[in-house]
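To keep things clear, I will list the structure first and then write my remarks on it.
The values are calculated or read from the model by the stated rules, or taken from the named source; none is laboratory data. In this text, all values refer to a predicted model and were calculated from it rather than measured experimentally. Positions of Cβ are backbone-derived with ideal geometry, glycine not excepted, and every protein chain shown enters the neighbour counts.
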Number of protein chains: 2
Amino acid sequence: MTERDAAGLAALGIDIGGTKVAFALVDADGRELAATRLATEPERGAEAVLGEALAEARAAFGTTLGGADAVGICVAGQVGPGGVVLGAPNLGWDGAPLGEITTRLFARRAVVMNDVHAAAWAEWRGGAGRGVEDLVVLFLGTGVGGAVIVGGRFLRGCTGTLGELGHVTLVAGGRQCHCRNAGCLEAYVSGWAIEARAADAIAADPAAGAGILAAAGGSGGEITAEAVAAARDAGDPLARRLSDETGMYLGAAAVGLVNGWNPCRLILGGGIINGFPELVDATTRAIEAHALPAAARVVTVSRAALGNHAPSIGAALMARDGTA
Amino acid sequence: MTERDAAGLAALGIDIGGTKVAFALVDADGRELAATRLATEPERGAEAVLGEALAEARAAFGTTLGGADAVGICVAGQVGPGGVVLGAPNLGWDGAPLGEITTRLFARRAVVMNDVHAAAWAEWRGGAGRGVEDLVVLFLGTGVGGAVIVGGRFLRGCTGTLGELGHVTLVAGGRQCHCRNAGCLEAYVSGWAIEARAADAIAADPAAGAGILAAAGGSGGEITAEAVAAARDAGDPLARRLSDETGMYLGAAAVGLVNGWNPCRLILGGGIINGFPELVDATTRAIEAHALPAAARVVTVSRAALGNHAPSIGAALMARDGTA
């Protein structure tokens, strides 16, 4: 037996996005051994993309795929029984039997899952939530997603969608969300919401918006959350106000999450947290000041540790653990 | 062996409130066999009240306490390890070793728990949630409390306070709650909140408030949620508007709860639901229209089935099941 065999087998995780595929090879202890990436065109279909992914995995990790005996695939969408994609707008693969295709092409046990669940699993098993049994994970990117672990169990709910914390109502009757609800957390603190709030603020006071517009590359530039963050870095008052308000909204939501879920740890991750790291302190302060004392006393707020490798690492770990 | 022995043992549940003690004797299948009540004065202390409760239980159920081999006690407050009361404002028994006192006086296995948890457990095991494995229970009374079952497990969280759904933020920056947060669900749909909202509306437009004031017993009367419900029954427009707005708030919160927790069933109970039963339909309609389709499709909204016997029944069942 090799040392790797003696320590248990490795697993391969593949995060399939709309423009790239990210791979992670993890060992039996959940450590990332190697990673690679591949540009992709999902419109060529699941079979073609998975075929190219297999070729890349062989090129990067060898024909044994680094000794991996299981493959985890994650996508930004819902996954039904048997690894069938039920909704993944950025791929357009509705109905694709991803579990069957992966098992056949990779000749290994395959598990297909949602990418937010995979990332949360990675943070729990090998990141900022390691060793914690009661955990709320919140990712703020273009949208807002989440997952919850209670009593050492990753919760699924009635149909596997438990943890859609971006769509918890934060302002009844508030800003329209991209979903069917108004006032969702996502409609205030996601990338698209920060952009929409910035555009509204600039439309209401164009002079005040000059700093953000300059950061966006001039009046013809696109107002992005990155431009708001860059303007905030440059001391722009409107950008600072937008960041403060984002902190107020996220803090108010976090108080409700802590009261409702009573986690030992709240993990914040995603591109918006990277661009606005001050949101972690704002959230901590809101919880300390406003959450129920019995819940506030025990919770710590942590930044996600695994960055954009979390989905592929988590896909590998979930495949290995057999729990997707 | 008697028939009762053959079917398993009974259990006794005792719900200790600020003015009364309610008792339920349940059989091995969770059915309520008998019930009784007793007026109480908690300021006389836990030892005295429990002693009177034992005397009443013997008088009502016989010296064998109806064959009960376990006693469950529930209180409106937090309960720590060993059944020590940590916070129960309506009793004033902080620090009282209720588990120890009950075990000694009743000479049986005793379990002490929070009354909302007990009531939710009763609805799950023998009420509106029987047979359901993913369940959110929401009680609207003077305050708003809740509990959650996921995957057939009653969730506790990091310190046992999971399910404080009355203190989930519903309107960021909104009405001040009795807790340290602003905009809690409880600050909009609880008994005290409906009273406060009615008082605000009447102060803003005294003429419109005539109907509610009449139902409250004239201008010297206290504006209560019951008075609002009575005025609504009599066709009063302001009372109707307050009920509609309560439905809007509860519906918006329920959309967030369904999105976040993905329950198969949402149970609504408590005095406010009894006074405003139209809230059940308002909640159902809000979920159908605004929750994420994957979560909305599977959830049913039900009214709690056990009324104000739920806490005592649940205390008995939790004591029997040994899971408080």
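Yes or no, residue by residue, for (1) modelled with pLDDT under 95; (2) within 23 Å of B:T103 (Cβ to Cβ); (3) among the β-branched types (V, I, T):
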position	(1), (2), (3)
B:R4	yes, yes, no
B:L9	yes, yes, no
B:G13	no, yes, no
B:G17	yes, yes, no
B:A24	no, yes, no
B:T36	no, yes, yes
B:A39	no, no, no
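Residue count for the stretch B:76-92 satisfying the condition of being more than 26 Å from B:G66 (Cα to Cα) and assigned to a helix (DSSP H, G or I): 1.
Among residues of the stretch B:175-188 that are under 20 Å from B:I272 (Cα atoms), those with a Cβ under 8 angstrom from a residue that is surrounded by 24 or more Cβ atoms within 10 Å (Cβ to Cβ) and charged (D, E, K, R), sequence gap 6+ or separate chain, pair up as B:C177/B:E186; B:H178/B:E186; B:C179/B:E186.
Taking the criterion of being touching a helix residue (DSSP H, G or I) at 6+ places or on another chain (Cβ under 7 Å), of a type in the set (A, V, I, L, M, F, W, C) and not in a helix (DSSP H, G or I), the residues of the stretch B:172-215 that qualify are B:A172, B:C177, B:C179, B:C184, B:L185.
Among the residues of the stretch A:101-123, write down those that are without any contact (Cβ under 8 Å) to a residue 60 or more places away in the chain and out of contact with any strand residue (DSSP E or B) (no Cβ under 8 Å at 6 or more places or on another chain). Result: A:I101, A:R104, A:L105, A:A107.
When B:A88 is tested against the conditions (1) within 14 Å of chain A (Cβ to nearest Cβ); (2) surrounded by fewer than 21 Cβ atoms within 10 Å (Cβ to Cβ), the lone failure is (2). Scanning the stretch A:249-286 for residues that are closer than 20 Å to B:N259 by Cα, assigned to a helix (DSSP H, G or I) and either away from chain B (no Cβ under 14 Å) or among the hydroxyl-bearing types (S, T, Y) (or both) returns a single hit, A:Y249. The single residue among A:G30, A:G95 that is over 25 Å from A:L306 (Cα atoms), in a loop (DSSP other than H, G, I, E, B) and more than 14 Å from every other protein chain (Cβ to nearest Cβ) turns out to be A:G95. Could you please find all residues in the stretch A:113-136 being within 12 Å of chain B (Cβ to nearest Cβ) and in a strand (DSSP E or B)? Hits for the stretch A:113-136 are A:N114, A:L135, A:V136. The set of residues from the stretch A:117-160 being over 15 Å from the mean Cα position of the chain (by Cα) and over 20 Å from A:V26 (Cβ atoms) comprises A:E133, A:D134, A:V150, A:G151, A:G152, A:R153, A:L155, A:R156, A:G157, A:C158, A:T159, A:G160.
Any residue at all in the stretch B:294-304 that is of a type in the set (K, R) and without any contact (Cβ under 8 Å) to a residue 60 or more places away in the chain? The answer is yes; a qualifying residue exists. Of the residues making up the stretch B:288-324, those that are within 13 Å of chain A (Cβ to nearest Cβ), assigned to a helix (DSSP H, G or I) and surrounded by fewer than 24 Cβ atoms within 10 Å (Cβ to Cβ) number 5. Among the residues making up the stretch B:22-53, those that are out of contact with any strand residue (DSSP E or B) (no Cβ under 7 Å at 6 or more places or on another chain) and farther than 30 Å from B:A128 by Cα are B:E41, B:P42, B:E43, B:R44, B:G45, B:A46, B:E47, B:A48, B:L50, B:G51. Within the stretch B:137-180, restricting attention to residues that are under 19 Å from B:G77 (Cα atoms), in contact with a Ser or Thr (Cβ under 8 Å, 6 or more places away or on another chain) and buried (at least 24 other Cβ atoms within 10 Å of the Cβ), the residue that is nearest to the other protein chains (Cβ to nearest Cβ) is B:G166.
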